[in-house]
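A quick write-up on the structure given underneath.
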Amino acid sequence: MWMKRSVLLIGSLLLALCTPLALAHGVAGGDAAYLERIEGVHFIPLMYLGAKHMVTGYDHLLFLAGVIFFLYRIKDVALYVTLFAVGHSVTLLVGVLAGIHANAYIVDAVIGLSVAYKAFENIGGFARLGIRFDTRAAVLLFGFAHGFGLSTKLQDLQLSQDGLLPNMIAFNIGVEMGQFAALAIILIAFNIWRRSSTFVRSAYAANVAVMAAGFALFGYQLTGYLVT
């Protein structure tokens, strides 16, 4: 039964990622129009938009879920999530404020690979190949990629320079608040799941599904780069 459910999960993830609506780090039309329209400091609305982006950003959530999948101690969860948050915040702010740009498809393809990497590591893939990574450094580096992915989307908008710094700080604060809220829900779900007798059996299949989603996202974005 659990194998059937895993197959269905993989199929659902692949379908979601391969639809035209599955654009990682995207800024919705109404939100984009609002960001281009405002001038001056809009701290609270920008915090809201940042939180909204995080809780609806499936690529962020898949990566974070992979990072904490086998972390049982709160201090370990806090360490890795902090590393991701630092990396994400640095490239988001520096990318927008300094105008450092890159092709969005390439950055999002790297983000897809980050999801696949973490899931592959979780199933012991690198250990079997005799490859060892510093997991903390990897999470930080991929945090840079996730933040840079969003900064490329924001740079595509005509943002007013009036109040840009405080607005981007507010947006980033919102992102971290949204991350905390999503992480709390994921942790609660994981804790319930870990008490189940099916966790050990289904953990492998779940990570294979996440890895497939990461590769699907990578392929989707790489195709976008090649045909654009």
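Just so you know, all these numbers are worked out from the coordinates, no wet-lab data involved. Model, not experiment: these values are computed from the prediction. Backbone-built Cβ (ideal geometry, glycine too); neighbour counts: all protein chains shown.
Counting other Cβ atoms within 10 Å, keep those with at most 16, restrict to DSSP loop, and tell me which trypsin sites (Lys or Arg not before Pro) in region 111-145 are left. Qualifying residues, ordered by number: 132. Relative to the longest principal axis of the Cα atoms of the chain, the long axis of helix 199-227 lies at roughly 40 degrees. When the Karplus curve 6.51 cos²θ - 1.76 cosθ + 1.60 is applied with θ = phi - 60°, which whole-Hz ³J(HN,Hα) does each residue of region 167-176 get, with x for Gly and Pro? The phi angles translate into 5, 5, 5, 4, 4, 5, 4, x, 4, 5 Hz. Between the helical axis of 74-98 and the longest alpha-carbon principal axis of the chain there is an angle of about 30 degrees. Any idea which of 97, 29, 79 is furthest toward the positive side of the dipole for region 27-227, if Lys and Arg beta-carbons carry +1 and Asp and Glu beta-carbons -1? Positive-most Cα among the choices belongs to 79.
Each peptide in 172-182, 98-108 receives the mean, over its residues, of other Cβ atoms within 10 Å, and ordering these scores from highest gives 172-182, 98-108. Model label points for residue 98 and residue 34, set 7 angstrom from Cα along the Cα-to-Cβ axis, are 3.0 nm apart.
Rounded to the nearest 0.05, the FRET efficiency derived from the C-beta distance between residue 73 and residue 127 at R0 = 22 Å is 0.60. Taking every Cα-Cα distance in region 27-227 and sorting them into 5 Å bins from zero, the calculated P(r) comes out as 1, 7, 15, 19, 19, 15, 11, 7, 3, 2, 0, 0 percent. Extending 7 Å from Cα along the Cβ direction at residue 82 and again at residue 135 yields two label points whose distance is 1.7 nm.
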